[in-house]
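Where a number appears in this text, it was derived from the coordinates with a stated rule and is not lab data. Since the model is a prediction, treat every value here as computed from it, not as a measurement. For neighbour counting, all protein chains shown are included, and Cβ atoms are generated from backbone atoms with ideal geometry for every residue, glycine included.
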Amino acid sequence: MLRINKEELVIQAAVGEISHPATKGSPYRISPEGRPLALPSVGSICYNVKIGDNIRAFAGDHIEPGVSLRNREKPFGVFDPMFGFTFLSCVGNKAKVISGEAKGDTGFVFGKHGGIEHVLVQFPDDTLEKLVLGDKVQVRAVGQGMRLIEFPDVTIMNIDPDLLDKIDFKVEKGKIKAPVTHLVPAKVMGSGLGKDNTYIGDYDIQMFDESVVKEFNLDTMRFGDLVAITDADNTFGRIWREGAVSLGFIVHSDCTTAGHGPGFTTIMTSKNGIIEPVITPDANLVKWI
């Protein structure tokens, strides 16, 4: 078990409302081969796409399983509640419906999606049937500010401390052995590069080179898989660094637009090789939540 500063962590309420499905002025997304594709995309209540499903199993682009939440309060001064909501929400946080027919029902946060600034929540099927667009959901936000007591050089973020305890991390000879379903080379990482932090949003795994997809079995990735990006340092933004490793969860589907692909929400990163991924086929949120 990884020792953390649990007693120091602040627990706050953060609220979002279920977002309407969105598209740009034209429904077409142009593939790198020049094919125009019109597909469902971000937002809404997604009834039939679940944690554990394959990221290529559906005819969609950037599909967000479960429920997509967005804070719509107006900014005040330099402060923006939308980013406050996405920053504070962590994978594994409890999410409670606070309006509408499903009021009182609970689910959990499984990721966040940058650009659209959505927090993604999984609810049971009977709750999904009661929810409507615009319903409000309150997240019991805890996790930011977490530190690993024995590994000060490892940065941890975006994960609920209770979920961290459930994942079978092992400490051996000064290393963190991390269960992951896939190793993803940093050379295929795309949208999301260039940001100065990894506390808000995600970044995408490009899957346009089928030889790389086959080599690393990327077409078997599922929503909720814990995966490792090798040679990727996410300490202050997302950069290439040989020997670095970043861990995160797969949060949205494959994509058709150049530079995009399945979304990855970072939970832990080491720039100096302290994290050692161990291939574990069932390392998925289905197992832990």
Exercise. Which is the longest stretch in the chain that no exposed loop site breaks, taking sites as trypsin sites (Lys or Arg not before Pro) with a DSSP loop state and at most 10 other Cβ atoms within 10 Å?
Worked result: 25-172
For this session: Have a look at the DSSP beta bridges in region 154-288 and tell me what percent are antiparallel, nearest 5.
Result: 75 percent
Exercise. What is the calculated FRET efficiency for Asp153 to Asn197, with r their C-beta to C-beta distance and R₀ = 22 Å, to the nearest 0.05?
Worked result: 0.80
For this session: Would you calculate the separation in nanometres between label points at Ile98 and Asn272, each defined as 7 Å from the Cα along the Cα-to-beta-carbon direction?
Result: 4.2 nm
Problem set entry | Computed [θ] at 222 nm, helices only, for the chain once each DSSP H run of length n ≥ 4 contributes -39500 (n - 2.57) | -2500 deg cm²/dmol
Problem set entry | Neighbour count of at most 14 Cβ within 10 Å plus DSSP loop: longest chymotrypsin sites (Phe, Trp or Tyr not before Pro)-free window in the chain | 48-235
For this session: Rounded to the nearest 0.05, what FRET efficiency do Ile239 and Lys136 give with R0 = 35 Å and r taken as the Cβ-Cβ distance? Could you check?
Result: 0.40
Exercise. Going by a ≥ b ≥ c, the root eigenvalues of the Cα gyration tensor, does the chain fall in the rounded group (a/c under 1.5), the prolate group (a/b larger than b/c) or the oblate group?
Worked result: oblate
Problem set entry | Pairs from Lys103/Lys166; Lys94/Lys173; Lys50/Lys166 whose Cα-Cα separation, in the structure shown, is over 24 Å | Lys103/Lys166; Lys94/Lys173
For this session: Output the Cα-based Rg and Dmax of region 8-117 in Å, rounding Rg to one decimal and Dmax to a whole number.
Result: 16.0, 52
Exercise. How far is the Cα center of region 97-126 from the Cα center of region 226-289, in Å?
Worked result: 23 Å
Problem set entry | Proximal aspartates and glutamates to Lys187, defined as alpha-carbon separation beneath 18 angstrom and excluding residues fewer than eight positions away on the same chain | Asp202, Asp204, Asp209, Glu210, Glu215, Asp219, Asp231, Asp233, Glu242, Asp254
